[in-house]
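I have placed the structure first, in the form of structure tokens, so that the comments after it can refer back to it.
The values are calculated or read from the model by the stated rules, or taken from the named source; none is laboratory data. A quick note: this is a predicted structure, and the numbers were derived from the prediction, not measured. Neighbour counts run over all protein chains shown; Cβ positions are idealised from the backbone, glycine included. Just the protein is used for accessible areas: all its heavy atoms, side chains included, with ligands, DNA and RNA removed. Shrake-Rupley method; radii C 1.70, N 1.55, O 1.52, S 1.80 Å.
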Amino acid sequence: QVQLVESGGGLVQAGGFLRLSCSTSGITFSVYTMGWFRQAPGKEREFVSVISWSNDRIRYADSVKGRFTISRDNSKNSVYLQMNSLEPEDTAVYYCAARRGTATPALNLYDYWGQGTQVTVSS
């Protein structure tokens, strides 16, 4: 059974930071490309960042570029999202997702999803 479990969300003031983690099981993590997505209230789920299975391709949404950093640790079957200089607009439920294949921002191409972790940034 495949499981993706996000953690690390919470309430933080604008300008603060959080580090999200996504722990996986049931997949051969080292061959999966891992993405982070988010969904704000009343909005569609959107791409945040992705890191390829080979760790040589990383992409970010323009809205988070320079503030967020994605990384992975294959020895721990986990992917991380370091979020700095948080803004109220970053408030959303953050999801990690996994797919076999290239590092794409297309949500519909991901095979497995976590349940999400809430991030709230106060002004």
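The criterion of being out of contact with any helix residue (DSSP H, G or I) (no Cβ under 7 Å at 6 or more places or on another chain), closer than 15 Å to residue 120 by Cα and either modelled with pLDDT of 95 or more or surrounded by fewer than 19 Cβ atoms within 10 Å (Cβ to Cβ) (or both) does not hold for residue 3.
Among the conditions (1) in contact (Cβ under 8 Å) with a residue 40 or more places away in the chain; (2) open to solvent by less than 70 Å² (accessible area, probe 1.4 Å); (3) within 21 Å of residue 112 (Cα to Cα); (4) not charged (D, E, K, R), residue 10 misses just one, which is (3). Applying a threshold of 6 Å to beta carbon distances and a minimum spacing of six or more residues, or different chains, the list of pairs starting in region 53-81 at a residue that is open to solvent by less than 70 Å² (accessible area, probe 1.4 Å) and ending at one that is acidic (Asp, Glu) is empty.
Being surrounded by 14 or more Cβ atoms within 10 Å (Cβ to Cβ), of a type outside the set (A, V, I, L, M) and either modelled with pLDDT under 95 or part of a loop (DSSP other than H, G, I, E, B) (or both) is the filter here, so list the residues in region 103-123 that pass it. Those that are surrounded by 14 or more Cβ atoms within 10 Å (Cβ to Cβ), of a type outside the set (A, V, I, L, M) and either modelled with pLDDT under 95 or part of a loop (DSSP other than H, G, I, E, B) (or both): 104, 105, 110, 114, 116. You will find that of 89, 44, the residue that is assigned to a loop (DSSP other than H, G, I, E, B), at negative phi and open to solvent by 20 Å² or more (accessible area, probe 1.4 Å) is 44 and no other. Can you name the residue in region 24-41 that is surrounded by fewer than 17 Cβ atoms within 10 Å (Cβ to Cβ) and of a type outside the set (Val, Ile, Thr) and, of all such residues, is farthest from residue 97 (Cα to Cα)? Residue satisfying both the conditions and the ranking: 41.
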